[in-house]
């Protein structure tokens, strides 16, 4: 269903349901932020591999966050809020009954309990078939192994499941009554047929999972319908707000950062997601980089993940902070700014110290277990070398993935960065030198919200298409150029780093 609404003076509302927080934002057509709201919620760690969330918290905080944003808008402008766009975490599943009530906690995308189920799929179909069909390699992080695990280990719950929801359709059902998710979310399921743009009947039949239990699929930008009147009233919204199908938060963030064929986008957050844009699906013959349907209709993305990005720096900060708190309880608290000051005391190459951030396993482009490690430690290295090595290791991982994406897609003229790390001049300059490509830093760090708002605005006719939306709403605060001498040094350091990394990963698997 499509609905055209007037664009003059329209305000775009968006929500972003992330891993640890729910955000809401209201934007003008030109991307100016009118209001923001942020509310955290916890992950539930049952063990290292069992990680869940309370899906009902997604809903209660969706309402709270939207209401908080609306309160910040003058009452005479609230009628200009025309659409709601949605950005959500992918890969999570929620089993619900016929009333839409969760039968258990949502299983997070971080959860890897389905190791055996992923192996069963790989043994039956083969890794190459699964990758060429679904666009992703067999791995317990995807939705299908989680569903198979529930079916095997929680039969009393599985027997009562009416629907297996994604985060997006769980919320949309409460907003409008419809149960639909988009192709970018389905792409992270390991049961999506990339060639047919639909659920894979063959894979579902093998897993004995009825297709009726899965949400219907639509393209991001399709109008789902009007928000329930009682919900709109509760949130202080006009009765005619259109709810528009959104997509995966990382892809919404890419669009909100200005992703296009000559650009790669990189999130500098807890993890780093690197994306390249495609006009058609591309399968990596070495199965290094997944290919997924985009939130932009008839577009595709190559999407890779560096699981330990900013979290590596956070780990080091907490480690050092814990030590200083015990030894020097009256010392100044150690923060990220202090870490960066330490890193700046070290030279390029971190005194020959190298950091390989595979604490949760090596994701793309390796997809092996692995382990985190430092290499090159000597009696001459100092804490500044170790801090800088952590930051350089982060940048090397981004470059490794970016180089492969570039080889599979298009020449890249610039890289767009956003997220918490993009606030650091030192980190963005370091990344520009390591990549040897100009870096653009977005004006708003909330690119997932902006991307969802642009998708919704396009679906409702406020913009004619996504490129027009990006031209009007995406802005940058600075452009960081690589320094020739430093880029030359890092070229050699990167090649040495990757060569050593491949050796260390082989050793760790022995």
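Would you mind putting 166-175, 479-488, 234-243, 86-95 in packing order, based on average other-beta-carbon counts within 10 Å, highest first?
Numbers: 166-175: 25.0, 479-488: 14.3, 234-243: 17.8, 86-95: 26.6.
Put in order of decreasing packing, that is 86-95, 166-175, 234-243, 479-488.
Sorted by average packing, counted as other Cβ atoms within 10 angstrom per residue and highest first, what order do 433-440, 55-62, 135-142 take?
With the highest mean Cβ count within 10 Å placed first, the list reads 135-142, 433-440, 55-62.
Provide the convex hull volume over Cα atoms per residue for region 217-340, in Å³.
200 Å³
Once Rh for region 1-90 is found with the Kirkwood sum over Cα pairs, what is the Stokes-Einstein diffusion coefficient at 37 °C and 0.692 mPa s, in µm²/s?
Values: Rh = 14.4 Å.
Once the numbers are plugged in, D ends up at 228 µm²/s.
Working from Cα positions, state the angle (0 to 90°, nearest 10) between the long axis of helix 447-459 and the longest principal axis of the chain.
Computed tilt is about 30 degrees.
Looking at region 11-245 from every direction and averaging, what is the projected area of its Cα convex hull in nm²?
One quarter of the hull surface, i.e. the mean projection, equals 12.6 nm².
Where Rh is the Kirkwood radius over the Cα pairs of the chain, the temperature 37 °C and the viscosity 0.692 mPa s, what D in µm²/s does Stokes-Einstein return?
Estimated via Stokes-Einstein, D reaches 140 µm²/s.
Roughly what angle does helix 115-125 make with the longest principal axis of the chain, taking Cα atoms, 0 to 90 degrees, to the nearest 10?
80 degrees
Mind jotting down the distance between the C-alpha centroids of region 436-457 and region 128-152, whole Å?
Computed from Cα coordinates, the inter-centre distance equals 30 Å.
Can I get the semi-axes of region 402-448's equivalent ellipsoid? Compute them from the C-alpha gyration tensor as square roots of 5 times the eigenvalues, in angstrom, largest first. Please list the in-between numbers first.
Numbers: eigenvalues 80, 37, 13 Å².
One finds semi-axes of 20, 14, 8 Å for region 402-448.
Quick one: Debye curve from the alpha-carbon atoms of region 89-136 only, equal weights, vacuum; give me log10 I(q)/I(0) at q = 0.14, 0.24 Å⁻¹ to two decimals.
-0.51, -0.93
Using a 10 Å cut-off on Cβ atoms, rank the peptides 284-293, 441-450 from the highest mean neighbour count down.
So the order, starting with the most tightly packed, is 441-450, 284-293.
Can you give the percent of C-alpha pairs in region 177-257 whose distance is more than 22 Å?
Across region 177-257, Cα pairs with separations above 22 Å total 40 percent.
Which percent, nearest 5, of DSSP beta bridges in the chain are antiparallel?
So the antiparallel bridges amount to about 70 percent of the total.
Could you tell me how far the Cα centroid of region 232-303 sits from the Cα centroid of region 407-424, in Å?
Here the answer is 14 Å between Cα centres.
With 5 Å bins from zero, work out the P(r) of region 454-510 over every alpha carbon pair and list the percent per bin.
4, 14, 11, 8, 8, 7, 9, 12, 14, 10, 3, 0
When N is the residue count of region 423-497, what does its C-alpha Rg come to as a fraction of 2.2 N^0.38 Å?
Compactness ratio reported: 1.48.
How tilted is helix 484-508 with respect to the longest principal axis of the chain? Cα atoms for both, answer in degrees (0 to 90, nearest 10).
Long axis of 484-508 versus the principal axis of the chain: about 80 degrees.
Taking the convex hull of the Cα atoms, report for region 365-510 its projected area averaged over all directions, in nm².
11.3 nm²
Any read-out appearing in this document is the output of simple, stated calculations on the displayed coordinates, not a laboratory observation. None of the values given here were measured: they were computed from a predicted structure. Using ideal geometry, Cβ is built from the backbone for each residue, glycine included, and neighbour counts are taken over all protein chains shown.
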